[in-house]
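Asks: Structure in C-alpha cells, see below.
The values are calculated or read from the model by the stated rules, or taken from the named source; none is laboratory data. Please read all numbers here as calculations on a predicted model, not as lab measurements. Here the Cβ positions follow ideal geometry from the backbone for every residue, glycine too, while neighbour counts run over all protein chains shown. What goes into the accessible areas is simple: the full protein's heavy atoms, side chains included, and nothing from ligands, DNA or RNA. Shrake-Rupley method; radii C 1.70, N 1.55, O 1.52, S 1.80 Å.
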Amino acid sequence: MRVYFDNAATTAMDERVIEAMIPYMREHYGNPSSVHSHGREVRTAIERSRKKVAELLNASPAEIFFTSGGTEADNTALICGIQTHGIQHAITTPMEHHAVLHTLEESAKKGMVKLSLVEVNNQGEINLDHLEDLLKSNPRSLVSVMHANNEIGNINDIHAIGTLAQEYDAFFHSDTVQTMGHYAHDLKTLPVDAIVAGGHKFHGPKGSGFLFVRKEKKITPFIYGGAQERNMRGGTENVIGIVGVAKALELAYEDMSSHRKHVETLKQRFIDQLNENIPGVAYNGLSADMDRSLYTVLNVSFPPSEENSGMLLFNLDLNGISASGGSACSSGATVGSHVLRALGAKAERDSVRFSFSRFNTTEEVDYTITKLKELYSVIA
Ligand SMILES: Cc1ncc(COP(=O)(O)O)c(C=O)c1O
C-alpha cells in the first residue's frame with residue numbers, strides 16, 4: 001500500500017481542475033495582452049478567474065493579483081508593503097514559514113526595517129500582550145502573523161491580531177497558505193490588509209497562487225515589465241495556472257464542510273489509535289487540539305527509540321508511507337525545524353508531520369498505525 005500523508009507540502013490535483021485547465025493548453029493559447037480574438041478569449045478567462053476568487057473571498061476583483069504561489073505573494077506583500085508605506089519596523093513570529101521569515105530577515109539585514117519577534121510559549125501560542133507592547137512602542141509597523149502554522153497546525157486568532165494592528169495603524173499581512181481553500185475567509189469582515197494563497201495546497205496546480213491587497217493599502221509593483229495584473233506584475237500571465245487555482249478554490253468552497261468533516265474524522269482516528277498503541281506519544285504545539293489546529297495537520301512527537309531515532313521517516317517511507325519530518329536538533333545532516341526549536345522541543349524525540357486531505361481514507365490511517373505499531377513494538 002502507498003499512503004500520501006504529506007498534504008501540507010502539496011496536494012494531488014482534482015481531476016476537475018485538470019479538465020478546466022486543458023483547453024488553455026490546447027485551444028486557447030493566445031497571449032492575453034493581444035487585442036485580437038485569440039488574445040481576448042484568454043483575457044476573459046483570466047478576468048473570470050479573478051472575479052470568481054474575489055467573489056468567494058468577499059473581496060473586489062481589483063484586490064486580487066495572481067502570482068506564482070505563496071512565496072511570491074508573501075514576498076510581494078512584505079517588501080512592497082514596507083517600501084510603499086514607508087514602514088520602518090516589522091513584527092513577526094519565530095514560527096512563520098521561511099517565505100516570510102527569510103524575507104523580513106533579509107529586509108532587516110539591508111537596513112530597510114528593524115525586526116522584532118513576538119514571544120511564543122512552548123505550545124506555539126502567541127503572546128498578544130507582547131505584540132501590543134511592540135505595537136505601542138512602534139506604531140505604523142508591518143505585522144506579519146500566519147493564519148495557521150504549516151508544521152504544527154496551530155491556528156492563530158488573526159481577527160484579534162488584525163484588530164490590534166489596526167488600533168496602532170499597522171499594515172497587517174497574514175500568510176494564509178495553509179488555510180486557503182480549507183477555511184472560509186470573508187475579507188469584508190476580516191481585519192487584514194494582505195493575505196496569500198498557493199493553489200497546490202488545495203488540489204490546484206503548483207506554481208499558481210494569488211495575493212489579496214486591500215484597496216486602501218495599495219502597494220507598488222514587485223515585478224516591473226508590461227502592464228499585466230494592473231501594472232503590478234509584469235510578464236505574460238500563467239493562464240493555465242490562473243484558471244486552475246480559481247477552479248480549485250471554487251471546488252474547495254463548494255464542499256468545504258463535508259471535506260472538513262471527512263478529514264477531521266481521519267485526524268481524530270489517527271490520534272485515538274496513536275494514544276492507544278504508542279506509549280509515550282505526544283503532540284507538538286496545539287496539533288492534537290481539534291478546535292485550535294488545522295484539521296489537515298497532526299504533528300506527532302514519538303518517544304525516543306534506538307531503532308527509529310533519526311530513521312523514522314525513512315522507515316515509514318520503506319513501508320510506502322510519505323510524511324514529513326522536522327526535528328528540533330540543529331546539528332548534523334539536517335538543519336532541523338525552526339518551528340520546533342521555537343517551541344523548545346526535545347531533540348531526542350522524533351517528530352513527524354502527518355497531513356491529510358479529502359482523498360485520504362480510514363484504511364490508510366489504519367495501515368499507517370499498524371506500521372507504526374510494528375516500528376515501535378520493541379519499546380511497546
Ligand atoms: C505557511 C506557508 N507559507 C508559504 C508557503 C509557500 O507557498 P508556495 O509553495 O506556494 O510558494 C508554504 C508552503 O509550504 C506554507 O506552508
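Asks: Filtering the range 137-196 down to residues that are of a type in the set (A, V, I, L, M, F, W, C) and in a helix (DSSP H, G or I), which residue is nearest to the ligand (Cβ to nearest atom)?
Replies: Selected residue: ILE158.
Asks: Which residues, counting only those in the range 71-105, are touching a residue at least 60 places away in the same chain (Cβ under 8 Å) and in contact with an Asp or Glu (Cβ under 7 Å, 6 or more places away or on another chain)?
Replies: ASP74, GLU96, HIS97, ALA99, VAL100
Asks: Taking the conditions exactly as written (farther than 21 Å from SER357 by Cα, more than 16 Å from the ligand (Cβ to nearest atom), acidic (Asp, Glu) and part of a loop (DSSP other than H, G, I, E, B)), does GLU237 satisfy them or not?
Replies: yes
Asks: Is there any pair with a first residue in the range 164-189 that is under 16 Å from SER144 (Cβ atoms) and open to solvent by 40 Å² or more (accessible area, probe 1.4 Å) and a second that is at pLDDT 95 or above and in a loop (DSSP other than H, G, I, E, B) whose Cβ atoms are under 6 Å apart and which are 6 or more apart or on different chains, and what are they?
Replies: Partner pairs satisfying both residue conditions: GLN166/PRO191; ASP169/ARG140.
Asks: Residue by residue through the range 13-29, note down the ones that are open to solvent by 50 Å² or more (accessible area, probe 1.4 Å) and either within 16 Å of the ligand (Cβ to nearest atom) or closer than 29 Å to LYS267 by Cβ (or both).
Replies: Answer for the range 13-29, where residues must be open to solvent by 50 Å² or more (accessible area, probe 1.4 Å) and either within 16 Å of the ligand (Cβ to nearest atom) or closer than 29 Å to LYS267 by Cβ (or both): MET13, GLU15, ARG16, ILE18.
Asks: I'm told VAL352 meets every condition in (1) open to solvent by 40 Å² or more (accessible area, probe 1.4 Å); (2) modelled with pLDDT of 95 or more except one. Can you identify the failing condition by its number?
Replies: It fails just one condition, (1).
Asks: Looking only at the range 197-214, count every residue that is in a loop (DSSP other than H, G, I, E, B), within 13 Å of the ligand (Cβ to nearest atom) and surrounded by 19 or more Cβ atoms within 10 Å (Cβ to Cβ) and tell me the total.
Replies: 3
Asks: May I ask you to say which residue of SER49, SER33, SER60 is of a type outside the set (A, V, I, L, M), exposed (fewer than 14 other Cβ atoms within 10 Å of the Cβ) and at pLDDT 95 or above?
Replies: Among SER49, SER33, SER60, only SER33 is of a type outside the set (A, V, I, L, M), exposed (fewer than 14 other Cβ atoms within 10 Å of the Cβ) and at pLDDT 95 or above.
Asks: Right, next: Suppose we filter the range 123-156 for residues that are free of Cβ contacts under 8 Å to residues at least 60 places away in the same chain, over 15 Å from the mean Cα position of the chain (by Cα) and either within 19 Å of MET290 (Cβ to Cβ) or open to solvent by less than 20 Å² (accessible area, probe 1.4 Å) (or both); how many remain?
Replies: Number of matching residues: 4.
Asks: Still on this structure, I have one more. Any idea which residue in the range 234-252 is nearest to LYS206 (Cα to Cα), counting only those that are open to solvent by 40 Å² or more (accessible area, probe 1.4 Å) and in contact with a Gly (Cβ under 8 Å, 6 or more places away or on another chain)?
Replies: ASN238
Asks: Next question. Looking only at the range 217-226, decide whether some residue is within 16 Å of the ligand (Cβ to nearest atom), closer than 25 Å to ASN156 by Cα and modelled with pLDDT of 95 or more.
Replies: No; the residues of the range 217-226 include none that is within 16 Å of the ligand (Cβ to nearest atom), closer than 25 Å to ASN156 by Cα and modelled with pLDDT of 95 or more.
Asks: Now a separate question. Have a look at GLY285, GLY336, GLY280 and point out the one that is surrounded by fewer than 17 Cβ atoms within 10 Å (Cβ to Cβ) and part of a loop (DSSP other than H, G, I, E, B).
Replies: GLY280
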